[in-house]
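Below is one structure, written out as structure tokens; comments come after it.
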Amino acid sequence: MSDQIFVEDLDGSRELHPAAFPIPIGGHRSAIRLPGVEGHEALAWIGRHEDAIFLQPAEPANERVTCNGVLLTTSQWLVDGDVLGIGPARLVVADDGTRILLKVEDPTSDALTYPPELKPPGPPPVTPSGPLIVTPAEYSPADLHGRPVSRWRVRPALILEASLLLALSTLLWFVFTARSIEITVEPEPDRIAIRGTLPTIRFGGRYLVRPGDYTVTAARQGYRPLTAPLQVGRQSDQQFQFELEQMPGLLTVETGSVEGAEVLVDGFPAGLTPLSGIELAAGNHRILVRKERYQEYLAEVTIEGPGSARTLAVEMVPDWAEVTFRSKPAGATVKVAGKAVGRTPITAEVISGIHTLEVLLEGYRPHSDRLRVVANEPLTPTTIVLQPAEGNLSLATDPAQATVTVDGEYRGTTPIELDLVPNEEHELEVSRAGHLSHVERIRVRPGESRQLAVTLQPMRGSIAVSSRPPGAEILVDGESVGSTDQTLSLPAVEHVIEVRKDGYQPYRTQVQPRPGLPQEIAVTLQPVTSPGLPDEILTPQGVQMNLIAPGRFTMGASRREPGRRANETLREVELTRPFYLAVREVSNREFREFNDQHRSGTAGRHSLETDHHPVVRVTWEDAALYCNWLSEREGLPPVYVRRGETLVARSPLPIGYRMPTEAEWAWAARVASGTSTLKYSWGDGLPIPEGSDNYGDRSAAPLLGDSLNDYDDGHPVTAPVGSFQPNPHGLFNVGGNVSEWVNDIYTIYPPNTESVVRDPMGPSEGEYHVIRGASWMDESVSELRLSYRDYGRDPRPDVGFRIARSVE
């Protein structure tokens, strides 16, 4: 350390005058006047002790002496970098280990400059502007109270006291600025903690926390660990609630060597085996394991509690059996459920169930059968003996629809494809009403295809038609042939004769001319009644009902009509009163407004409960009570009353809501104004046109077995009410979707085409009621006809109803 202390004006432009800053030098004091300091009174002294220097204020309360911005009231050791404030002036202490330099800053100048370093030590300059070199002497200044100042040393007691004071201050600051909060966790956790940048203090169930963002963590055996954000505001008495999520149990499902089986838990897919880590709540669960060509496995598994683990080992049992097929001759193609499995002889794996079996070999007749397979039970059916293929005869007639018999056996109507035993002579007979029969003997070779066209010679009869008033139009089978008071020569087949005139109700009848036996039709036309009735009305539930005008027609079907049943006898019927008929069947939603406990149920896996689908599984009495309920809502007299334990219709029919009579249903379903009666709802011939109605089609085959393989209406069970196209009266689904209860008690009527029955209502007593129209379950030619009559007593999944009303 140098014996000298150098004082330098930082801007190098001012003279440093003595008397303002005394410095001890060899027992003397020298004064340096600092820029900006007025007067001659000393403000502070700088002293040296051993290798260190210190600064001592001249007065303890002198507020003009600072070190590093802190007011000095006692001596202060100086180190490199200290900044001293002496009045308005500043001195910077620089100690490089060889000398001590006090750099003076001029407060009156904005410039802060650093002079070149001075070389220590040397003779003091003689010019007043040069640096003043002060040679210090050994000196120990006293403190303000006259005690010698010793060099600073560490005092542990003082540090402890200061630390305690700092800790207490921090605690008080925390207490006065923190907020009391309450944290509730359900269920009560085993551990809970709050983490943040500042500490927290817990008192019982409450915490003392500074406002800010924190994280709450909690844990409890059997529950998922909780980690949640916590934002503490400045308001007092804050409450926070959290909930622990219970840990699920874990289920593992194994199916051994059979992998990829689908697992459903309580009806919901969970994945494919091998499957582990299925999270399940405690309790019982239904486990379904399934895979194509294996039997379904169903079990109930109990999960004991949170965190428990369970393994379900499932043995997948094959759902097939080995079936051996043989044929004579061999080499035939075998088809099971429409899929080829190979050629005979062959052993194939066949899924359990009942399947269609086809065995095909060129030059031989196809063999068809039913095959019942039980899983894991090998089966070897009897060897199938194939018969040589038949010859084929393609037969057409003019006119068409002629009846064909082969060797006295009925085979259908023309045009037709006939398969005939080869190399044998067959007697072919073709006949049609009103025509002479054609008989021919024919022979075909194996596999031969022949074509034959036959022209039938007609027979004719005469029909004289007259009317009152005269001049009415005559229609034969829907075609106009002139006016009344003429004799018609017609083929000797059944015809529909209609007589109509404006302002009068049309007259319709069926007649068959007879060769050599003239016939006469004399008609008295009735004026149109009930003018001014609205064409449509609405029920209390908003269902549209269309006005149906009355008329005369022939109910039933001719005995020559294919598919006709014995209860479809021909009757001449006349309706004298117009009536209203609902355009669609009663829906589930509408019926549940009357009886909210009713359930239409299901068919297979398909629901019949949909709101806008027709209600089914109702009895006739259910339908009658619903009609009375509608009448009551509109203030109309009820149609159905109790007679003992039986519900019957009042006669004559009042104007309340009811089911249509059988005659009204047949008239609205089969007869359109100015046309003949319809055989089917879509017309008179097959096949069924696409989009006709809802029948037992391909989509319903899994439920019905037999079905219309060449027709698909898109509905395996019921369709929405009002689906498909309406008939000429604007009525939907009269020949499909669901069959319908009608008002009449069932009976079989004797044939009656000689007299007219007006407004029939059926018998007054009986066990069964009439059901009309085909349904989604019907697929045969007999059932699809509009003249088909069914009957019943019990509810069925394909029987509903529609409503009618008499006019006032």
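The values are calculated or read from the model by the stated rules, or taken from the named source; none is laboratory data. Remember, predicted model here, so these are calculated numbers, not experimental data. Positions of Cβ are backbone-derived with ideal geometry, glycine not excepted, and every protein chain shown enters the neighbour counts. Ligands, DNA and RNA are excluded from the accessible area calculation, which covers all protein heavy atoms including side chains. Shrake-Rupley method; radii C 1.70, N 1.55, O 1.52, S 1.80 Å.
Report, please, the projected area of segment 744-792 averaged over directions, based on the convex hull of its C-alpha atoms, in nm².
The Cα convex hull of segment 744-792, projected and averaged over all directions, gives 4.4 nm².
If amide hydrogens are placed 1.01 Å from N in the peptide plane, which non-local residues have theirs closer than 5 Å to the one on Arg514?
Distant-sequence amide H within range of Arg514: Ser462.
Using only Cα atoms, what is the ratio of the radius of gyration of the chain to 2.2 N^0.38 Å?
In units of the globular-protein estimate, the chain measures up at 2.04.
Could you work out the local net charge near His438, counting Lys and Arg as +1, Asp and Glu as -1, over the other residues with Cβ closer than 13 Å to its Cβ?
Neighbour charge sum, excluding His438 itself: -2.
Toward the positive end of the charge dipole of the chain, about the Cα centre and with charges on Cβ (Lys, Arg +1; Asp, Glu -1), which of Val738, Val374, Ala44 goes farthest?
Val738
Amide H of Tyr294: which non-local residues (sequence gap of 5 or more, or other chain) have their own amide H closer than 5 Å, using H built in the peptide plane?
Asp319
Just by accessible area at a 1.4 angstrom probe, what is the order of Arg698, Arg571 from largest to smallest?
Working: Arg698 110, Arg571 20 Å².
These residues rank, largest area first, as Arg698, Arg571.
For segment 373-520, what are Rg and Dmax over the alpha carbons, in angstrom?
24.3, 81
Karplus couplings for segment 693-710 from phi (6.51 cos²θ - 1.76 cosθ + 1.60, θ = phi - 60°), rounded to Hz, Gly and Pro as x?
5, 9, 10, x, 8, 4, 5, 9, 4, x, 8, 9, x, 7, 7, 7, 5, 9
Show me 717-730, 381-394 ranked by packing, highest mean number of other Cβ atoms within 10 Å first.
Per-residue Cβ counts within 10 Å, averaged per peptide and sorted highest first, yield 717-730, 381-394.
Would you please give the residues with an amide H less than 5 Å from that of Ala270, counting only those at least 5 places away or on a separate chain, with H modeled from the backbone geometry?
Here Val263, Leu264, Val265 satisfy the definition.
Please give the length that would be gained between Arg468 and Asn567 if that part of the chain were fully extended, namely 0.36 nm times their separation in residues minus their C-alpha to C-alpha distance (nm, one decimal).
Answer, rounded to one decimal: 32.2 nm.
For segment 599-661, what size does the Cα cloud have along each of its three principal axes, sorted from largest down, in whole Å?
Cα spread of segment 599-661 along its principal axes, largest to smallest: 44, 26, 19 Å.
Take the Cα pairs of segment 696-735, get the Kirkwood Rh, then feed it into Stokes-Einstein at 10 °C and 1.306 mPa s and tell me D in µm²/s.
Rounded to a whole number, D works out at 143 µm²/s.
Tell me which lysines have Cα within less than 28 Å of Lys103's Cα, excluding those fewer than 8 residues away on the same chain?
Counting by Cα, and skipping residues close in sequence, Lys103 has these lysines nearby: Lys119.
Ordered by residue, what ³J(HN,Hα) values in Hz, to whole numbers, does segment 590-596 give under the Karplus form 6.51 cos²θ - 1.76 cosθ + 1.60, where θ = phi - 60° and Gly and Pro are x?
3J(HN,Hα) across segment 590-596, in whole Hz: 5, 5, 5, 5, 7, 9, 6.
Starting from the coordinates of the alpha-carbon atoms of segment 279-387, obtain the Kirkwood hydrodynamic radius over all distinct pairs and give the value in Å to one decimal.
That comes to 16.6 Å for segment 279-387.
Could you calculate the contour length gain from Leu158 to Gln541, that is, 0.36 nm times the residue separation minus the distance between their Cα atoms, to one decimal place in nm?
128.2 nm
If you add up the charges near Arg650, with Lys and Arg at +1 and Asp and Glu at -1, over every other residue whose beta carbon is less than 12 angstrom from its beta carbon, what do you get? Before the final figure, lay out each step's value.
Details: positive: Arg642, Arg643, Arg658; negative: none.
Here the charged neighbours net out to +3.
Obtain the nm distance between the two label points defined at Glu427 and Phe174 by a simple spin-label model: each point lies 7 Å from its Cα along the Cα-to-C-beta direction.
12.1
Can you find, among Gly542, Gly556, Val618, the residue farthest towards the positive end of the dipole of segment 486-643? Put +1 on the C-beta of Lys and Arg, -1 on that of Asp and Glu.
Going by the charge dipole, the pick is Gly556.
Cα-Cα pairs above 14 Å in segment 768-808: how many percent?
54
So the label point goes 7 Å from the Cα of Glu690 along Cα→C-beta, right? Which residues of segment 696-733 then have their backbone N under 17 Å from it?
What the label zone holds, given the 17 Å backbone N cut-off, is 697-699, 709-715, 724-725.
Points 7 angstrom from Cα along the Cβ direction at Thr382 and Asp477: gap in nanometres?
4.9
Could you give the dipole magnitude of the chain about its Cα centre, charging the beta-carbon of Lys and Arg +1 and that of Asp and Glu -1, in debye to the nearest 20?
Around 840 debye, computed over the chain.
When only the heavy atoms of the protein chains count and the probe is 1.4 Å, how do Val317, Val738 rank by accessible area, highest first?
Output order, biggest surface exposure first: Val317, Val738.
Provide the packing ranking of 162-169, 75-82, i.e. peptides ordered by the mean count of other C-beta atoms within 10 Å per residue, highest first.
Top to bottom by mean Cβ count within 10 Å: 75-82, 162-169.
Karplus couplings for segment 463-478 from phi (6.51 cos²θ - 1.76 cosθ + 1.60, θ = phi - 60°), rounded to Hz, Gly and Pro as x?
Working through the residues one at a time gives 10, 8, 10, 10, 8, 10, x, x, x, 7, 7, 10, 10, 10, 6, x Hz.
Would you tally the net charge around Leu533, using a Cβ to Cβ cut-off of less than 15 Å, leaving Leu533 out, and scoring K and R as +1, D and E as -1?
Here the charged neighbours net out to -1.
Between Leu517 and Glu322, what FRET efficiency follows from the Cβ-Cβ distance if R0 is 56 Å, with the result rounded to 0.05? Walk me through the intermediate numbers first.
Working: r = 70 Å, r/R0 = 1.25.
It comes to 0.20.
List the residue ranges in the chain for DSSP H helices whose C-alpha atoms run 15 angstrom or more along the long axis and whose Kyte-Doolittle average is 1.0 or above.
Those that clear 15 Å and a mean of 1.0 are 156-177.
Starting from the Cα of Glu304, step 7 Å along the direction of its Cβ; do the same at Arg592; then give the gap between the two resulting points in nm.
Those two pseudo-labels are separated by 4.4 nm.
For His598, tell me the accessible area in Å² from a 1.4 Å probe, rounded to the nearest 10.
His598 has an accessible surface of roughly 20 Å² with all protein chains in place.
Could you compute the FRET efficiency for Arg293 and Thr227, with r as their C-beta to C-beta distance and R0 at 51 Å, rounded to 0.05?
Calculated transfer efficiency: 0.60.
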